[in-house]
1. Taking the condition of being outside any loop (DSSP other than H, G, I, E, B) and either surrounded by 22 or more Cβ atoms within 10 Å (Cβ to Cβ) or touching a Lys or Arg at 6+ places or on another chain (Cβ under 7 Å) (or both), how many residues in region 54-85 meet it?
2. So, of the residues in region 33-85 that are of a type in the set (Phe, Trp, Tyr) and without any contact (Cβ under 8 Å) to a residue 24 or more places away in the chain, which turns out to be nearest to TYR3 (Cα to Cα)?
3. Only strands (runs of 3 or more DSSP E) wholly contained in region 1-48 count here; list those with 3 or more residues that are under 17 Å from the mean Cα position of the chain (by Cα) and surrounded by 15 or more Cβ atoms within 10 Å (Cβ to Cβ).
4. Looking at (1) surrounded by fewer than 16 Cβ atoms within 10 Å (Cβ to Cβ); (2) within 25 Å of LEU15 (Cβ to Cβ); (3) in contact (Cβ under 8 Å) with a residue 24 or more places away in the chain, which is the only condition LYS108 fails?
5. Restricting region 125-142 to residues that are of a type in the set (A, V, I, L, M, F, W, C) and either over 22 Å from GLN55 (Cα atoms) or free of Cβ contacts under 8 Å to residues at least 40 places away in the same chain (or both), which is least open to solvent (accessible area, probe 1.4 Å)?
6. If you check TYR101 against the conditions, is it at pLDDT below 95, of a type in the set (Phe, Trp, Tyr) and either more than 13 Å from the chain's Cα centre (by Cα) or open to solvent by 50 Å² or more (accessible area, probe 1.4 Å) (or both)?
7. Among residues belonging to region 72-91 that are of a type in the set (A, V, I, L, M, F, W, C) and at pLDDT below 95, point out the one that is farthest from THR111 (Cα to Cα).
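The values are calculated or read from the model by the stated rules, or taken from the named source; none is laboratory data. Bear in mind the structure is a predicted one, so any value in this text is a computation, not a measurement. Note that we place each Cβ from the backbone using ideal geometry, even for glycine, and neighbour counts take in every protein chain shown. What goes into the accessible areas is simple: the full protein's heavy atoms, side chains included, and nothing from ligands, DNA or RNA. Shrake-Rupley method; radii C 1.70, N 1.55, O 1.52, S 1.80 Å.
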Amino acid sequence: MKYEVNERTLAVIPLNEDRCKIVEEDRSYNINSSSFKVIEHSCEYFGVSYKARVQGSYKLIKSRYKVPIIIEEASGMVVFPITSQYKNNNFWLSYSNILEYYPCNRKKGNTVIRFKNGFKIEIPVSFYSFNNQFLKASRLSSVVSDRMLRKY
């Protein structure tokens, strides 16, 4: 695999079990890997296994289901899934790049997300469920940020 989630990554979108679309601030492209494999590889690229990232998140925010994770501590890169984190075909979103989100008017049960660069995406998850995921990611980001500040 040749892709690691980074500060420019907005979303990793499943296309099927073995392909996903990478959306960055200024471009998007498809790769031959599941969205989960991209996340797993990105964790390992930055020196920690995916499983360890999940365990670390649990210790910090006490969440076991649909767990947000830190991809890389120094930059505070937090991503979160919209369904079970172990599904190969799952949306993964960058917490820090989201500007706003709201219920979709066109299709009940979907949520629209607008990123800081203006890119919008509609995802197949209820506003309530998405909001819970966003709040978990916010809590994780806040805890990590507070700990980093206390170090210095």
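1. Selection size over region 54-85: 11.
2. For region 33-85, the residue satisfying everything is TYR50.
3. Ranges flagged: 9-16, 19-24.
4. Only one criterion in (1) surrounded by fewer than 16 Cβ atoms within 10 Å (Cβ to Cβ); (2) within 25 Å of LEU15 (Cβ to Cβ); (3) in contact (Cβ under 8 Å) with a residue 24 or more places away in the chain is unmet by LYS108, namely (3).
5. Of region 125-142, the ones of a type in the set (A, V, I, L, M, F, W, C) are 125, 127, 130, 134-135, 137, 140.
If we keep only those that are either over 22 Å from GLN55 (Cα atoms) or free of Cβ contacts under 8 Å to residues at least 40 places away in the same chain (or both) as well, we get 125, 127, 135.
Numbers: VAL125: 14, PHE127: 76, LEU135: 94 Å².
Among them, the one singled out is VAL125.
6. no
7. Of everything passing the filter in region 72-91, ALA74 is farthest from THR111 (Cα to Cα).
This table checks each residue for (1) closer than 18 Å to PRO68 by Cβ; (2) touching a Ser or Thr at 6+ places or on another chain (Cβ under 6 Å); (3) among the small types (Gly, Ala, Ser).
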| residue | (1), (2), (3) |
| --- | --- |
| TYR3 | no, no, no |
| ASN6 | yes, no, no |
| THR9 | yes, yes, no |
| PRO14 | yes, yes, no |
| ARG27 | no, no, no |
| ILE31 | no, no, no |
| GLU40 | yes, no, no |
| SER49 | yes, no, yes |
